Each structure stands twice: as C-alpha cells, then as structure tokens.
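The values are calculated or read from the model by the stated rules, or taken from the named source; none is laboratory data. As the structure is a prediction and not an experimental result, all values here were calculated from the model. All Cβ positions, glycine included, derive from the backbone under ideal geometry; neighbour counts span all protein chains shown. Calculation scope for accessible area: heavy atoms of the full protein, side chains included, ligands and nucleic acids excluded. Shrake-Rupley method; radii C 1.70, N 1.55, O 1.52, S 1.80 Å.
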Amino acid sequence: MLIKSFAIFFSPLKEKFGIPRQANLAPDLEGRIVFSPEYRNPDALKGLEDFDYLWLIWGFSEAAKAEEGKAWSPTVRPPRLGGNERMGVFATRSPFRPNHLGLSSVKIKEIIKDSPEGPVIIVSGADLMDGTPIYDIKPYVEYADSHPGIRSGFVDNTGWKKLNVTFDGSINNISEKDRSAIEQLIALDPRPKYQNDPERIYGMAYKDMNVKFTVSEDG
C-alpha cells in the first residue's frame with residue numbers, strides 16, 4: 001500500500017535545530033496545517049471543532065533524505081541518553097526508522113474553514129519542522145488514548161532540567177507570543193547532550209530570525 005501526504009505543516013522553525021524533542025513541551029509554539037488543493041474540502045473537518053487535541057501522522061522528511069540508500073539500523077542513540085548508549089529503534093522515537101513516520105499529539109487552537117488556502121488547522125505544541133508532510137489526522141480521545149501512571153522505559157530514569165532563560169535588549173521588538181515560544185524552546189536545551197561549552201554561541205532559526213544564545217550551567 002502506498003501512502004501520500006495530503007497536507008503540509010508550516011512552522012516558525014525552519015531548521016532541525018531547536019525543534020522540541022517531543023510534542024507539547026513548548027505549548028506557545030504555533031503552526032498551521034494546510035491541505036493540498038485536492039483535499040481542501042471543509043466537509044472533511046466536520047465535527048473536529050468539538051475536539052481539543054489531534055494525532056498527527058507525519059514524515060521525518062529530512063531523516064528520509066539523509067538515510068536514502070543506507071542500510072537500516074536496528075539500534076539508535078537516543079539524545080535522552082546523551083547520544084552514547086544504543087537502544088532498539090522501536091524502543092525510541094528516533095526519526096531514523098524503517099518508514100520515517102512520526103506521531104504527535106497537538107492542541108487545536110483554531111479551525112479556519114474558508115481561508116484563501118482552503119481549510120486550515122492552527123495547532124500548538126507541535127514538534128514538526130516547517131514543510132513537514134502530513135499523512136493522517138485523527139482526533140485524540142481521552143478515554144482510549146490517555147494512560148496515566150504507565151511505565152516509560154529509560155525515559156522514566158533520565159529526566160532533564162529546564163534552562164533558565166534571560167534575554168538581552170536585542171530581542172525586544174517581537175510579539176509576546178513569539179518571545180514566549182522562543183523562551184520555551186531554549187529552556188528545553190536543544191544542544192546535543194555532549195556539548196557543554198559556555199563560550200559557544202548557538203543559533204536557532206525562528207521565522208525570519210536567527211536567535212543566538214549561550215548556555216552556562218543551568219541558564
């Protein structure tokens with residue numbers, strides 16, 4: 001069976017660096033789901049306004065390009081484990097998997113059924129890069145999809161501490177929403193776990209900006 005994308009996700013995050021490693025970690029980060037012309041039928045969204053969250057099935061398109069022609073690997077190095085320890089790919093959410101498919105639960109902020117681009121879904125908290133192909137959309141239902149108190153493997157024993165983020169005066173001319181989203185993204189510490197150089201300047205692409213930051217200890 002062949003699958004094809006029927007929508008594209010548009011995000012302020014234009015590059016891989018800075019993207020949250022899981023959905024809903026940066027709740028003020030907003031994005032748009034725009035449908036391909038042949039799927040711009042508002043009837044397909046009827047009833048969706050009564051749900052708060054969506055499941056998105058999407059493609060790790062950049063990972064697929066990077067892995068093209070390479071042999072499949074049954075193990076990967078999760079960033080949560082510092083990138084040094086290998087785990088089975090099916091015990092992780094690594095983008096380097098047989099079909100390069102991602103799964104994310106995101107919050108519905110607004111559904112616009114008559115925009116110039118056809119129906120558009122505005123969501124928040126997505127861990128998708130700008131231009132990501134969407135393969136399916138399903139409503140999140142609490143009675144079946146929520147499992148409080150469950151085990152989460154190595155994730156349970158490898159917590160991380162958020163960074164304290166402070167801004168200098170050069171980032172004042174942006175909206176409060178963008179400022180809050182940038183703060184949440186940097187607080188998640190997008191650096192590779194093995195990098196800990198307080199003199200190093202990192203750059204994160206956000207909309208048309210290059211947000212530069214340094215990290216010293218926990219701030």
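The figures follow:
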item	result
Residue-normalised accessible area of the chain, given per residue in Å² at a 1.4 Å probe	61 Å²
Net length gained if the chain between residue 175 and residue 46 were fully extended (0.36 nm per residue, minus Cα distance)	43.2 nm
Global geometry of segment 133-219, whether rounded, prolate or oblate, following the gyration tensor of its Cα atoms and the 1.5 cut on a/c	oblate
Greater than 25 Å apart at Cα, pairs in 4/113; 14/177; 14/193; 109/193	109/193
Whole-Hz ³J(HN,Hα) from phi, Karplus 6.51 cos²θ - 1.76 cosθ + 1.60, for segment 204-210, glycine and proline x	10, 7, 9, 6, 9, 10, 10
Percent carbon-and-sulfur accessible area, the chain, ignoring ligands, DNA and RNA, probe 1.4 Å	50 percent
Extension gain (nm, one decimal) between residue 154 and residue 208, 0.36 nm per residue minus Cα-Cα	15.8 nm
Dipole-positive endmost among 126, 196, 152 within segment 107-219 (Cβ charges, Cα centre)	152
Relative intensity, log₁₀ I(q)/I(0), of segment 20-144 from a Debye sum that treats every alpha carbon as a point, q = 0.21 Å⁻¹	-1.24
Loop-resident sites, segment 111-219, for trypsin sites (Lys or Arg not before Pro), counting at most 16 other Cβ within 10 Å (DSSP)	151, 161, 162, 193, 200, 207
Cut-off 17 Å (backbone N to label point 7 Å along Cα→Cβ of residue 21), residues of segment 180-194	184-194
Span per principal axis, largest first, for the Cα atoms of the chain (Å)	53, 47, 40
Relative contact order of the chain, defined on C-alpha pairs under 8 angstrom at six or more residues apart (%)	32 percent
Directionally averaged shadow of segment 42-107, computed from the convex hull of its alpha-carbon atoms, nm²	6.3 nm²
Spin-label pair residue 168/residue 142, simplified geometry with 7 Å Cα→Cβ offset, distance in nm	4.5 nm
Heavy-atom SASA rank of 43, 218 (probe 1.4 Å, accessible area, largest first)	43, 218
Mean Cβ count within 10 Å, highest first, over the residues of peptides 13-24, 87-98, 44-55, 119-130	119-130, 13-24, 87-98, 44-55
For segment 118-130, 3J(HN,Hα) per residue [Karplus equation, 6.51 cos²θ - 1.76 cosθ + 1.60, θ = phi - 60°, Hz, x = Gly/Pro]	x, x, 10, 10, 8, 10, 10, x, 6, 9, 10, 7, 4
Solvent-accessible ranking of 58, 72, 160, largest area first, probe 1.4 Å	72, 160, 58
Length added when fully stretched, residue 39-residue 4, from 0.36 nm per residue minus Cα-Cα	11.4 nm
